[in-house]
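Okay, here's the structure, questions in a sec.
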Amino acid sequence: MLNFFPNRLALIVLISACSIILISMGLRQTFGLFFSAFEEGLGCTRTEFGLAIGIQMLFWGMFAPLFGVIADKFGGNKAVFIGFIIFGLGIYMLYAGPNTGIYFQISLGVLVGIALGATAIGVPVSEVGKHFPNESRTIATGIVTAAASVGYFLSPLFTKYSLGLVGWEQTLKYFMYFIALGLLASLFLLPSKTIINSSQADRDQTFSSAIKEAFSHRGYVLLVLGFFVCGFQITLVGTHIPGYMQERGMGGWSATIILALIGFFNIFGTLGMGYLGTKYKKKNLLCILYALRALSICAFIFSPPSLINSIIFGVTFGLLWLSTVPPTNGIVAQIFGTKYLSTLFGIVFLCHQFGAFAGAFLGGYFYDVYGSYDYAWYMAIALSIFATAVHFPIDERRLVRVDKPI
């Protein structure tokens, strides 16, 4: 196990990233459980709630590349620290006010979304990727993503219990303590001292040439398009599964059970995908993953509602939940190297968040217009088929850059 870590700094950064992403993604996963409280306490409709989550996803995506630039230039610790400050401001506004109308969209949508651009997935995963070579990178990033799964498992349980015991305002106040821990953990997300597996041409590459190179590579463009699907599906589930279960007569703890199982089994899914990424082509793993997502959703929505069906969906979709992250991040690093990994993966993640906006907003919109979430689920299935197709042609081979003559 000691040989897995290139140096002590890699171990410190891995622990820091796991702590950051556990807190950030764990808190983000719970917002769907607040929809009834926000309806009653703040008078917002499901469309308004879905819009806020959609805006959150958009700002998360828009700021992921920007915080990626900050991380690549100044260090991930600085980017994440700023992110948690903004996270705290958003949560504070949400319970202390002003928090209705446009202010609801600003706090839950804009501020929390900006914060997630720094604290969730993009920067922590990419900063860890810079500390590990190609041979072990997907395992390392899989460990970080699995930490998010621990947050996914624990946070819904804590939130559901706290909402019933002390109400939504006090529950959000408790979130501030977790954010303070995130601030502390961010201090240790230190930059790598060397660029691993790089030539002189890799080290000399400029930011603008890296962006131009990425968008001239067909595989990168396909990866960007494919990640849209991931965002649509997981945000549709994370945001609207409580409302969907209520619609099917399975309210109460059923949605919490699904979200908790997704979080728990995602631990095994991301770790397993991280390991498989060292053995098989990552694009093929992504094709299989998206095809299985389509099957999981079909089995869930076309089967009669029951506790067993809910458990099966939580387990199967949990195994596939964030398993896209290690191979997707790994393909970017494998093709382009790690110097601008936070930025390039942040751009991929931006398209993920366009999908997330669509999943959050359309779920609420379809319900308010048609009285059902069915059309959103049908879109999720069709997009799985699309993602399965677009990942297959990706060329994973590393780009070879020529050193400039002296």
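The values are calculated or read from the model by the stated rules, or taken from the named source; none is laboratory data. Because the structure is predicted, anything quoted here is derived from the model rather than measured. Glycine gets a Cβ as well: all are built from the backbone with ideal geometry, and neighbour counts include every protein chain shown. For accessibility, only protein heavy atoms count, side chains too; no ligands or nucleic acids. Shrake-Rupley method; radii C 1.70, N 1.55, O 1.52, S 1.80 Å.
Is it the case that Gly41 is open to solvent by 40 Å² or more (accessible area, probe 1.4 Å), in contact (Cβ under 8 Å) with a residue 40 or more places away in the chain and closer than 16 Å to Ile91 by Cβ?
Yes: the conditions hold for Gly41.
Output the residues belonging to the range 92-125 that are assigned to a helix (DSSP H, G or I) and over 19 Å from the mean Cα position of the chain (by Cα).
Here is the first cut: in the range 92-125, the residues assigned to a helix (DSSP H, G or I) are 92-96, 102-119, 122-125.
Result: Tyr92, Met93, Leu94, Tyr95, Ala96, Ile102, Tyr103, Phe104, Gln105, Ile106, Ser107.
Does Leu295 meet the test of being closer than 27 Å to Pro133 by Cβ and at pLDDT 90 or above?
Answer is no for this residue.
Could you tell me whether Phe175 is open to solvent by 60 Å² or more (accessible area, probe 1.4 Å) and either over 21 Å from the mean Cα position of the chain (by Cα) or under 17 Å from Ile23 (Cα atoms) (or both)?
For Phe175, the condition - open to solvent by 60 Å² or more (accessible area, probe 1.4 Å) and either over 21 Å from the mean Cα position of the chain (by Cα) or under 17 Å from Ile23 (Cα atoms) (or both) - is not met.
Let me confirm something: among Leu350, Leu362, Leu399, which residue is within 21 Å of Gly277 (Cβ to Cβ), of a type outside the set (Ser, Thr, Tyr), open to solvent by 20 Å² or more (accessible area, probe 1.4 Å) and modelled with pLDDT under 90?
After applying the criteria, what remains is Leu399.
Within the range 383-399, can you find the residues that are closer than 12 Å to Lys281 by Cβ and assigned to a helix (DSSP H, G or I)?
Residue satisfying the conditions is His391 alone.
Filter the range 73-85 down to residues that are part of a helix (DSSP H, G or I) and open to solvent by less than 40 Å² (accessible area, probe 1.4 Å) and give me whichever is modelled with the lowest pLDDT.
Among those residues, the one meeting the criterion is Gly76.
Here is a further query. Check whether at least one residue in the range 249-266 is within 30 Å of Arg397 (Cβ to Cβ) and touching a Ser or Thr at 6+ places or on another chain (Cβ under 7 Å), and report yes or no.
Yes, that holds for at least one residue.
I would also like to ask the following. Does the range 120-138 include one or more residues that are under 23 Å from Phe34 (Cα atoms) and open to solvent by less than 40 Å² (accessible area, probe 1.4 Å)? Steps first, please.
Here is the first cut: in the range 120-138, the ones under 23 Å from Phe34 (Cα atoms) are 120-121.
From the residues that got through so far, the ones that are open to solvent by less than 40 Å² (accessible area, probe 1.4 Å) too are 120-121.
Yes, that holds for at least one residue.
Moving on to the next point. Name the helices (runs of 4 or more DSSP H) wholly within the range 260-361 that hold at least 3 residues that are more than 21 Å from Gly142 (Cβ to Cβ)?
On the way: elements: 282-301, 307-320, 325-336.
Qualifying helices (runs of 4 or more DSSP H): 282-301, 307-320.
If you check Ser107, Ser149, which single one turns out to be farther than 23 Å from Ser16 by Cβ and surrounded by 19 or more Cβ atoms within 10 Å (Cβ to Cβ)?
Of Ser107, Ser149, the one residue that is farther than 23 Å from Ser16 by Cβ and surrounded by 19 or more Cβ atoms within 10 Å (Cβ to Cβ) is Ser107.
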